[in-house]
Amino acid sequence: MWRRSGLLIRGAAAKANATAALAGLRCALATRANAPRSDDNAVYNTRWFQFLLRAMRYNSQTSSDIRAAHAIVRSCVTRSENSTWLRVLPLGERSFQTVHQLLMVHVWLANKRVMYPLEGEGNRALQKEVFHVLWDNAERRLRAAGINELSISKHLGDVQRISLGGLYAYDKAFKEPSDAELKASLHRNLFAANQAVSTATLSMMAEWMRSEEQRIRALDEESLRHGELRWTFPNGVVATAEDEEKEVARGAAGEWRSTMAVTGRTYWWNTRTRQSFWDKPRR
């Protein structure tokens with residue numbers, strides 16, 4: 001399954017510019033409110049723009065999957081960024097690597113629910129959109145980490161390769177009756193083979209993953225698509241009020257993305273609140 005995801009990613013990267021632009025416009029239409037209104041974009045009220053919305057299939061299943069993918073990935077990211085994890089696990093200081101390692105564990109768990117059951121085939125269309133959003137998020141976090149713009153593509157390719165390998169390893173290990181292989185996978189992928197990580201910590205995480213997978217699998221479809229995954233921490237650890245408030249705030253705030261109005265003017269919209277402004281907000 002993860003190998004197929006890798007092929008989809010590489011295939012998407014090779015599409016023509018026109019196709020990429022169309023996909024970007026479609027994604028923007030699926031996840032935001034209308035651009036800010038002004039005299040120079042009154043075109044939003046015209047029949048041809050409504051025709052464009054229909055042509056872009058704004059209310060289609062694909063658009064619904066795009067919105068759900070943003071919600072699912074946002075839930076995984078905000079939980080992975082919760083500072084409580086730094087108290088629970090020996091991950092060191094917060095960095096792109098530590099957050100991403102945690103993120104891939106959460107994405108793997110969320111994907112188990114995405115692919116269950118839907119007549120045994122799962123929701124492959126939603127899975128594809130989740131990974132599109134995930135890699136887009138990874139690219140932006142790489143930039144925020146100060147990676148040189150000229151090497152972003154190379155770093156992203158490395159992140160994708162390592163991430164998919166880790167997901168495949170979790171899949172394989174999860175099928176085993178004992179936790180030995182799952183703990184080995186966690187040691188390699190979550191803890192980057194850190195020899196200081198204790199057997200007790202690995203056992204704790206393996207037990208948490210199995211328990212969390214069962215809990216998330218039981219979620220209803222509406223909760224999944226709204227990103228309401230109701231994550232827990234291992235061993236019943238509870239986040240501090242401060243960490244919980246920060247996580248809720250990050251999830252509620254969403255992210256500011258730029259896109260282009262039909263008039264050609266660039267504006268900014270929020271992935272969560274759907275607010276939109278002509279000038280980039282400070283926060």
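Coordinate-derived values only; no laboratory data. The model shown is predicted, which means the values in this text are computed figures rather than measured ones. Virtual Cβ from ideal backbone geometry, glycine too; neighbours counted across all protein chains shown.
You can think of it this way: the chain between residue 97 and residue 145 has 16.3 nm of extra reach, that is 0.36 nm per residue less the Cα-Cα gap.
A Förster radius of 41 Å combined with the Cβ-Cβ distance from residue 193 to residue 237 puts the calculated FRET efficiency at roughly 0.95. Applying 0.36 nm per residue to the separation of residue 279 and residue 121 and subtracting their alpha-carbon distance, the gain on full extension is 52.5 nm.
For the pair residue 83 and residue 154, label points projected 7 Å from Cα toward Cβ lie 3.5 nm apart.
Volume per residue for the range 61-254 equals 128 cubic angstrom (convex hull of Cα atoms). With label points built 7 Å along Cα→Cβ from the Cα atoms of residue 219 and residue 200, find their separation and express it in nm. Roughly 3.1 nm, to one decimal.
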